[in-house]
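**Q** This is the structure, below, for whatever I ask next.
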Amino acid sequence: MASNEMEVVNQEKVQYIVVKIGSEQYGINISFVDNIVRMQKITRVPKAPHHYVGVINLRGEIVPVMSIRRKMGLEDDVYSNKTRIIILKLEAQGLIGVIVDEVREVINLGEDEIDRNVQNTSKKVDANFINGIGKDGDELISIFEISAIVDAVETI
């Protein structure tokens, strides 16, 4: 049996949560997602980095919350009834919340449906934050590089 016959059959698909930030759609690998919560009161923390909005109390645990918009240099967040905080679980940092405008759906993408050559595809967003562009039917979804977004998290 030829070795390349098995490669086509065994391609794994990865689940991504599709979120909206402004008019753009982004995918977050579901393996990083611990929880999705509605917008709630965020307590500001003095002298926190600009992209940190503050902290929330999530079932007795204090979780820092950051604005992806601020981190990427976009306009400030505008909260609506669709705004959500996605709680990410990271090995090194523990839990961290990120604010998104809307959670759309969960999709499955195989490696052949993601274009990894994204060096200057977006002038608005630092290319380090994106590790590929996923194709879901006619929709294009920028795949977040979670480690770059929450990289060098200063503990609050």
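The values are calculated or read from the model by the stated rules, or taken from the named source; none is laboratory data. Small disclaimer: the values here were computed from a predicted structure and weren't measured. As a convention, Cβ positions derive from the backbone with ideal geometry for all residues, glycine included, and neighbour counts pool all protein chains shown. Surface accessibility is based on the protein's heavy atoms, side chains included, excluding ligands, DNA and RNA. Shrake-Rupley method; radii C 1.70, N 1.55, O 1.52, S 1.80 Å.
**Q** Select, from 80, 31, 67, the only residue that is of a type in the set (Ser, Thr, Tyr) and under 16 Å from residue 17 (Cβ atoms).
**A** Numbers: 80 fails: under 16 Å from residue 17 (Cβ atoms); 67 fails: under 16 Å from residue 17 (Cβ atoms).
Of 80, 31, 67, the one residue that is of a type in the set (Ser, Thr, Tyr) and under 16 Å from residue 17 (Cβ atoms) is 31.
**Q** Now, a different point. Tell me, please, whether a residue that is buried (at least 17 other Cβ atoms within 10 Å of the Cβ), closer than 24 Å to residue 135 by Cβ and modelled with pLDDT of 90 or more can be found in the range 39-53.
**A** no
**Q** Right, something else. If residue 111 satisfies all but one of (1) open to solvent by 70 Å² or more (accessible area, probe 1.4 Å); (2) under 16 Å from the mean Cα position of the chain (by Cα), what's the number of the condition it fails?
**A** Of (1) open to solvent by 70 Å² or more (accessible area, probe 1.4 Å); (2) under 16 Å from the mean Cα position of the chain (by Cα), only one is false for residue 111: (2).
**Q** Related question: For the range 65-90, which positions are among the hydrophobic types (A, V, I, L, M, F, W, C), open to solvent by less than 70 Å² (accessible area, probe 1.4 Å) and assigned to a loop (DSSP other than H, G, I, E, B)?
**A** Result: 72, 74.
**Q** Output the residues belonging to the range 45-64 that are assigned to a loop (DSSP other than H, G, I, E, B) and under 24 Å from residue 20 (Cα atoms).
**A** 49, 50, 51
**Q** For residue 97, only one of the following conditions fails: (1) assigned to a loop (DSSP other than H, G, I, E, B); (2) open to solvent by less than 20 Å² (accessible area, probe 1.4 Å); (3) at pLDDT 90 or above; (4) not charged (D, E, K, R). What is its number?
**A** (1)
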